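The values are calculated or read from the model by the stated rules, or taken from the named source; none is laboratory data. It should be emphasised that the depicted structure is a prediction, and the values quoted were computed from it without experimental measurement. Note: ideal-geometry Cβ built from the backbone for every residue, glycine included; neighbour counts use all protein chains shown. Calculation scope for accessible area: heavy atoms of the full protein, side chains included, ligands and nucleic acids excluded. Shrake-Rupley method; radii C 1.70, N 1.55, O 1.52, S 1.80 Å.
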Amino acid sequence: MSWHPRYRSSKFRNVYGKAASKEKCYDCVPITHSVHDNHFCAVNPNFIAVVTECVGGGAFLVIPIKQTGKLDPHYPKVCGHKGNVLDIKWNPFNDFVIASCSEDSTVKIWDIPNQLLKRNITSPKKELLGHAGRVILIEWHPTADNILFSSGYDYKIMIWNLDVKEAVISKPVKILDAHADVVLSMSFNTDGSLLATACRDRKIRVIDPRAGAVLQEASYKSHRVNKVLFLGNMKKLFSTGTSRWNNRQIALWDQNDLSVPLLEEDLDGSSGLLFPIYDTDTHMLYVVGKGDGNIRYYEISPEKPYLNYLMEYRSHLPQKGIGMMPKRGLDVSSCEIFRFYKLIPTKGLIEPISMIVPRRSESYQEDIYPLTAAAQPALTAQQWLNGVNKGPLLVSLRPGSGAVNSIPQSLEPEPLMKTTDVSQQQGWGGRMPLEDKQKPREIEDGRKQLKAEEKSPKNEQTCLSNCFDIFECPPPKTENELLQMFYRQQEEIRRLRELMIQRDVQIKQLELEIRNLCTDTGSN
């Protein structure tokens with residue numbers, strides 16, 4: 001008997017989507033009814049912003065990320081636009097600055113206070129005037145500070161330098177006039193030196209934004225593009241659109257040759273737009289359908305077949321828009337590798353959906369959390385404008401490895417955890433400071449003995465987890481191999497339980513010694 005698996009070996013092949021409970025959703029939110037094909041939602045570790053309905057102009061809500069449950073119908077809004085708000089984006093390097101664009105032909109930059117809003121915000125920090133028509137897209141530069149791109153119905157992309165004192169900026173530093181129709185999508189490569197655009201004229205363009213030159217242009221007629229995305233440093237583009245028969249379609253392109261796609265695939269016959277979202281750290285690609293409840297996800301590889309289908313999250317509640325939490329806001333203790341915020345206007349609901357890698361261990365899983373983009377810029381605005389290219393600064397998501405917040409202040413002050421983190425690494429919990437102050441010889445000897453006893457079992461446990469983890473090993477191809485894998489895992493479970501029991505006994509013994517020493521010291 002042989003077993004031929006239909007999937008490739010991958011640590012992400014068992015990723016599943018988990019919707020948040022009702023208590024952790026945002027209810028009674030008046031989500032916009034705009035028909036534009038944008039996300040209408042922006043998220044960072046402190047706030048969730050969502051475009052809302054407003055009488056006499058455009059507005060959006062900024063809700064603290066921890067303020068779940070029902071929203072007060074009189075909750076304050078950010079409402080300085082004279083027309084409907086079409087797009088909102090948080091500054092990637094400052095969690096308290098957000099940009100918005102509107103049908104009133106303006107782009108506004110807002111400062112959000114670090115305490116709860118008590119009244120409407122109507123005065124922006126900066127106002128950008130330059131477009132001759134409604135502005136439908138905005139994008140922050142991924143590595144340079146205070147550089148913003150905007151695109152509108154005047155067919156122009158404007159580059160703004162916000163690192164100036166003026167509150168009203170009427171002249172952009174650069175205007176890209178390379179399109180003959182409305183730009184539907186913009187995407188940067190990793191260091192922000194190239195910009196990919198999808199236009200209503202059905203063409204994909206790769207542009208050098210500082211020179212204004214079109215480096216590549218695709219006019220592949222059987223794929224009508226709506227959204228385009230750079231796939232990190234893989235020198236590939238991914239696009240979503242429709243085929244000649246109006247089927248929803250995805251395509252993969254070589255960044256340096258857009259004449260013919262590397263891959264082209266029809267998905268279904270639905271009419272809703274497909275939003276592509278790429279996770280550079282895990283090389284996972286998510287395709288979110290507007291008007292349905294599905295989220296398909298794939299793994300990207302540099303070689304054929306390039307696109308490897310993993311799974312699909314399904315829900316009967318259709319989404320109008322979607323928000324994405326940056327990596328620094330994820331819950332690494334539950335092996336969460338991505339989190340969406342799904343807009344459900346029919347219920348006035350924002351539903352978080354966590355993408356989780358199933359793991360048995362509760363410790364930090366370094367293999368699924370590589371270094372990720374930090375919340376600090378790699379370049380100043382002027383450096384980038386002068387021609388300097390630099391990739392994003394990287395940071396570890398390991399708890400206690402360092403601050404990952406974009407700016408020092410936050411909604412809730414966090415206590416300093418340096419001492420606690422060090423003690424947790426040694427396996428002593430919050431009792432370490434007491435030892436460091438007193439340092440009796442008995443405790444030091446006991447700690448050395450524990451380290452010596454744990455050194456070998458710890459390495460043995462790591463080896464077992466790496467060698468026999470069902471999510472890491474290639475799948476067995478025969479019944480005999482399957483049985484061998486089963487017996488190995490049973491043995492691993494048994495040995496790990498014995499190690500845990502031994503460690504629990506050792507920890508209790510040392511805790512008792514500490515308690516006795518503290519009692520003796522107090523009596524003396």
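Structure summary
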read-out	value
Looking only at region 203-221, and only at residues there that are in contact (Cβ under 8 Å) with a residue 24 or more places away in the chain and assigned to a loop (DSSP other than H, G, I, E, B), the one that is least open to solvent (accessible area, probe 1.4 Å)	P209
Residue check for G56: surrounded by fewer than 15 Cβ atoms within 10 Å (Cβ to Cβ) and not charged (D, E, K, R)	yes
Any hit, region 28-48, residues being touching a Phe, Trp or Tyr at 6+ places or on another chain (Cβ under 8 Å), hydroxyl-bearing (S, T, Y), over 17 Å from R339 (Cα atoms) and buried (at least 23 other Cβ atoms within 10 Å of the Cβ)	yes
Flag for R134 being under 30 Å from D208 (Cβ atoms), surrounded by fewer than 21 Cβ atoms within 10 Å (Cβ to Cβ) and more than 27 Å from the chain's Cα centre (by Cα)	yes
Total residues in region 159-177, condition surrounded by 23 or more Cβ atoms within 10 Å (Cβ to Cβ) and either closer than 21 Å to F230 by Cα or at pLDDT below 95 (or both)	1
Residue list for region 145-158, restricted to those being within 25 Å of the chain's Cα centre (by Cα) and either surrounded by fewer than 21 Cβ atoms within 10 Å (Cβ to Cβ) or among the small types (G, A, S) (or both)	S150, S151
Any hit, region 317-326, residues being open to solvent by 10 Å² or more (accessible area, probe 1.4 Å), in a loop (DSSP other than H, G, I, E, B) and closer than 14 Å to A19 by Cα	yes
Looking only at region 256-267, and only at residues there that are within 21 Å of M284 (Cβ to Cβ) and charged (D, E, K, R), the one that is surrounded by the fewest Cβ atoms within 10 Å (Cβ to Cβ)	E265
Residues that are open to solvent by 20 Å² or more (accessible area, probe 1.4 Å), under 17 Å from K18 (Cβ atoms) and either part of a loop (DSSP other than H, G, I, E, B) or free of Cβ contacts under 8 Å to residues at least 12 places away in the same chain (or both), drawn from region 331-383	D331, P358, R359, R360, E362, Q365
In region 222-255, residue surrounded by the most Cβ atoms within 10 Å (Cβ to Cβ) [restricted to those that are of a type in the set (A, V, I, L, M) and closer than 19 Å to N308 by Cβ]	L237
Where P302 falls short, out of the listed (1) of a type outside the set (F, W, Y); (2) crowded, with 17+ Cβ neighbours inside 10 Å; (3) under 26 Å from the mean Cα position of the chain (by Cα)	(2)
